[in-house]
Amino acid sequence: MRILVVEDDLKVAGFIHDGLVREGYAVDVLHEGSQAGEQAQACDYDAVVLDLMLPGRSGFQVLRDIRARKAALPVVILTAKDSLDDRVAGLDAGADDYMVKPFALAELGARLRAVMRRGSAREVVLRIGDLEVDTVRRAVRRAGRAIDLKPKEYALLEYLIRNGDRPVTKSLIIEHVWNIHFDSVSNVVEVHVNALRNKIDRGFDRPLIHTLRGVGYMLSASPPA
């Protein structure tokens with residue numbers, strides 16, 4: 001899952017970035033509003049965290065830009081503007097949720113997961129063969145056995161299972177699981193796929209993670225043709 005954070009306070013932006021990265025998200029940060037609409041259009045984000053009081057363009061202007069370009073992209077406003085009128089204005093402008101600073105990072109993460117589920121009508125529990133991924137609890141089981149994953153391993157698995165039975169390229173994985181500053185020459189994708197394969201497929205007769213040479217990877221209960 002890839003999140004765009006638009007926040008001019010460097011300390012707050014760093015706090016959000018580090019917290020969401022620890023949860024396994026790929027996070028891009030902008031500190032002013034003038035390029036936020038274009039950035040949201042250019043990249044395939046799953047959600048946006050948006051401050052209202054921004055240099056360049058206000059949060060309301062950025063929200064209008066996003067809604068004109070990507071009407072269904074979930075947006076959570078995170079701001080110090082805490083009056084009822086501010087909340088109503090933000091929601092009426094098209095925000096999916098509205099949070100007031102100071103805030104708890106755990107609540108922000110929960111609200112992001114909620115708006116992402118609502119925004120795309122996604123299933124809560126995803127399944128491929130005997131593999132089950134609970135996207136609310138971030139819990140993974142195969143054949144009833146719990147599997148413990150690190151945050152990036154979980155993010156990779158969720159991306160693969162959301163694209164179940166479809167091949168995904170290394171560049172697509174990088175775009176969704178890592179951020180815009182990621183070095184695409186690195187072998188980190190292969191390393192994480194191998195680590196995930198050791199946890200998901202080891203000890204089972206039928207592998208679910210398949211390497212498609214020259215293409216990428218696919219999560220499927222059936223071997224690729």
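The values are calculated or read from the model by the stated rules, or taken from the named source; none is laboratory data. These numbers were taken from a predicted model, which means no experiment stands behind them. Here the Cβ is made from the backbone with ideal geometry for all residues, glycine too, and neighbour counts use every protein chain on show.
Give region 120-140 a look and list any residue that's assigned to a strand (DSSP E or B) and surrounded by fewer than 15 Cβ atoms within 10 Å (Cβ to Cβ), or say none. Within region 120-140, 125, 127, 134 meet the criteria. Of all the listed residues (110, 106, 71), the sole one being exposed (fewer than 15 other Cβ atoms within 10 Å of the Cβ) and either in a loop (DSSP other than H, G, I, E, B) or among the basic types (Lys, Arg) (or both) is 71. In this entry, residue 6 is excluded by the filter for residues that are within 21 Å of the chain's Cα centre (by Cα) and more than 21 Å from residue 114 (Cα to Cα). Looking at region 1-64, the strands (runs of 3 or more DSSP E) lying wholly inside it that each contain 1 or more residues that are in contact with a Lys or Arg (Cβ under 7 Å, 6 or more places away or on another chain) sit at 26-30. Given the condition charged (D, E, K, R), modelled with pLDDT under 90, within 22 Å of residue 39 (Cβ to Cβ) and in the same structural domain as residue 50 (by TED's automatic domain parsing), answer yes or no: does some residue in region 70-90 qualify? Yes, region 70-90 has at least one match. Mind checking which residues of region 40-64 are at pLDDT 90 or above and among the charged types (D, E, K, R)? 51, 57, 64, listed by residue number. For residue 161, the requirement of being β-branched (Val, Ile, Thr), under 20 Å from the mean Cα position of the chain (by Cα) and at pLDDT 90 or above is met. Restricting attention to region 82-96, does a residue exist that is among the basic types (Lys, Arg) and out of contact with any Lys or Arg (no Cβ under 9 Å at 6 or more places or on another chain)? Taking every residue of region 82-96 in turn, none turns out to be among the basic types (Lys, Arg) and out of contact with any Lys or Arg (no Cβ under 9 Å at 6 or more places or on another chain).
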